[in-house]
Amino acid sequence: TATEQQIRDHVPTGLSVFRDAANPRILVLDFASLREQGLMLNRIAALTEKGQTPRDRVLRDAELDQAIRAGDDTVETYYYGHDYSAAELTRFFTLADSEHIALFPEEESLRRLLQRLGWFTPGEQGALISIPRVGADSRVTYQARSTILHHELSHGEYYSNPAYVAYVHQFWRNALTAGERDGVRHFLASEGYDEGFDDLMENEMQAYLMFTRDPVFFTPARVGMTPARLTDLQAAFLRGLPVA
């Protein structure tokens, strides 16, 4: 168990696993290697979040490679941080087994970890997020690692706290205008997300607009907002939070 600051300052030499001290239902995978992170989690991303991949089946190796290349990405850069609920992870492994997909050794290691934690139990509200080590490539500076961790922890809260999900849903519907919601969708589609998945849009909205303050990763202009409007939304969001 570790605080956000302790996780941020950690230097992994392989794969380190933490529980978030503020919310122990959030599991943090800290990777020394972007390649290991990608081999373990990219196929799950393709199933759950990416806009050009199917939501109803798991990609085989060649299909996954094609999907990654289609976005001008590599195994290492498909995502710099990942986030999934226990339910999504359970569905991934269930589908992979039913389709007889040969998984990577890294994916099987993840399965064993989740089995030990009991995450395949119906109703489990765990959340898994991941981050890369500083220097994993030239983009992962200490500031970038800090930004990715803070962003992903907000996803972890979303996946593990039903009261927070309900709050984000009403904020998305009532605080943002229809035009602002469209701006968020267009931004997320440009980042490769499935804009037709409403829950994903709401989840990414709260992570980007409320908890990603580094202009390298996000600016209000990317969703068609002024800085003043985003500041007002952030203040309103924090005032109404049902949790600390």
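The values are calculated or read from the model by the stated rules, or taken from the named source; none is laboratory data. All figures in this text were calculated on a predicted structure; none of them were measured in a lab. With ideal geometry, Cβ positions are generated from the backbone for all residues, glycine too; neighbour counts draw on all protein chains shown. For accessibility, only protein heavy atoms count, side chains too; no ligands or nucleic acids. Shrake-Rupley method; radii C 1.70, N 1.55, O 1.52, S 1.80 Å.
Some points to look at:
- The shape of segment 26-110 comes out rounded: with a ≥ b ≥ c from the C-alpha gyration tensor, a/c is under 1.5.
- Sorted largest first by accessible area at a 1.4 angstrom probe radius, with every protein chain in place, the residues Thr90, Thr177 fall in the order Thr177, Thr90.
- Cα gyration tensor category, rounded, prolate or oblate, for segment 64-110 with a/c compared to 1.5: prolate
- For Cα extents along the principal axes in Å, the value calculated from this model appears in (1) 48, 40, 36; (2) 60, 41, 29; (3) 49, 44, 39 under label (1).
- Shape of segment 74-168 from the C-alpha gyration tensor: oblate (a/c of 1.5 or more and a/b not above b/c, with a ≥ b ≥ c the square roots of its eigenvalues).
- The GluC sites (Glu not before Pro) found in segment 67-101 that occupy coil by DSSP, while having at most 15 further C-beta atoms within 10 Å, are Glu99.
- Loop-located chymotrypsin sites (Phe, Trp or Tyr not before Pro) in segment 87-196 whose Cβ has at most 15 other Cβ within 10 Å (DSSP): Phe120
- Other-chain or far-sequence residues with amide H under 5 Å of Tyr193's (modelled H): Gly51
- Residue list for segment 73-117, given a label point 7 angstrom along the Cα-to-Cβ vector of Val243 and an amide N cut-off under 17 Å: 83-88
- Largest-first ordering by accessible area, 1.4 Å probe, given options Leu27, Leu15: Leu15, Leu27
- Taking the longest Cα principal axis of the chain as reference, the axis of helix 162-174 is set at about 50 degrees.
- Charge sum, other residues only, whose C-beta stays under 11 Å from Glu202's C-beta, Lys/Arg counted +1 and Asp/Glu -1: 0
- A straight chain from Asp199 to Gln143 at 0.36 nm per residue would run longer than the Cα-Cα distance by 17.3 nm.
- Dipole size of the chain about its Cα centre, with +1 on Lys/Arg Cβ and -1 on Asp/Glu Cβ: approximately 460 debye, rounded to the nearest 20.
- Within the shell defined by Cβ-Cβ distances under 14 Å, the residues around His10 carry a net charge of 0, with Lys and Arg each +1 and Asp and Glu each -1.
- Once the Cα atoms are used to define both axes, helix 86-98 deviates from the longest principal axis of the chain by about 40 degrees.
- For segment 1-152, the solvent-accessible area with a 1.4 angstrom probe is 45 square angstrom per residue.
- Axis angle, to the nearest 10 degrees, between helix 34-48 and the longest C-alpha principal axis of the chain: 70 degrees.
- Relative to the current alpha-carbon distance between Val165 and Ala62, full extension at 0.36 nm per residue lengthens the span by 33.5 nm.
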